[in-house]
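Presented below is the structure to which this report refers.
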Amino acid sequence: MRELVLTVNGRSVHEHVDDRLLLSDFLRHSLGLRGTHVGCEQGVCGACTVQVDGRAVRSCLMLAAQAEGCHVETVEALAEPDGPLSALQDAFRRHHALQCGFCTAGFLMSLEPFLRDHPEPTEAEVREALAGNLCRCTGYEAIVEAVIAAAREPR
């Protein structure tokens, strides 16, 4: 066991964790942040993607202890429970870029930093950015449209 100190969604967190606890399990089970989904548990599907210090990271491949001192954001950080959606979330809604929703949090957490780095992405850049996330329900066309629409919106 070790003491873990980090910031999650803007909140300081001090917890004792097992050295082998995955970040995905820490977020879901210790902190109750169920928006971080666990799909393949091998880093392939992208459903568990969160942001660590502003970078998209597969939380099923990272130990919670590795997040010591880091700023972690989950999908819950994108909008307040009764507040407005983020531009990307709203674009996903408007463009019907989700169905069951299992993969959506991972897409959003991967695409938010992508849009920070690529404020005017081309369709090809968006498709490349999507390559690390899998969805079994939708075609990717609506997701691509949503990302491009979100990029065009004033911030």
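When we screen E68, E80 for residues that are more than 15 Å from the chain's Cα centre (by Cα), loosely packed, with under 14 Cβ neighbours inside 10 Å and either modelled with pLDDT of 95 or more or of a type in the set (F, W, Y) (or both), the only hit is E68.
Scan the range 57-65 and give yes if some residue there is touching a residue at least 60 places away in the same chain (Cβ under 8 Å) and touching a Gly at 6+ places or on another chain (Cβ under 9 Å), otherwise no.
Checked the range 57-65: no residue is touching a residue at least 60 places away in the same chain (Cβ under 8 Å) and touching a Gly at 6+ places or on another chain (Cβ under 9 Å).
Looking at the range 1-56, which of its residues are surrounded by fewer than 15 Cβ atoms within 10 Å (Cβ to Cβ), at negative phi, part of a loop (DSSP other than H, G, I, E, B) and at pLDDT 95 or above? Listed by number, the residues that qualify are D18, D19, R20, R34.
Out of curiosity, is F102 under 15 Å from the mean Cα position of the chain (by Cα), at pLDDT below 95 and closer than 18 Å to N133 by Cα? Answer is yes for this residue.
The values are calculated or read from the model by the stated rules, or taken from the named source; none is laboratory data. Every value quoted in this text rests on a predicted model; they were computed, and no experiment measured them. For neighbour counting, all protein chains shown are included, and Cβ atoms are generated from backbone atoms with ideal geometry for every residue, glycine included.
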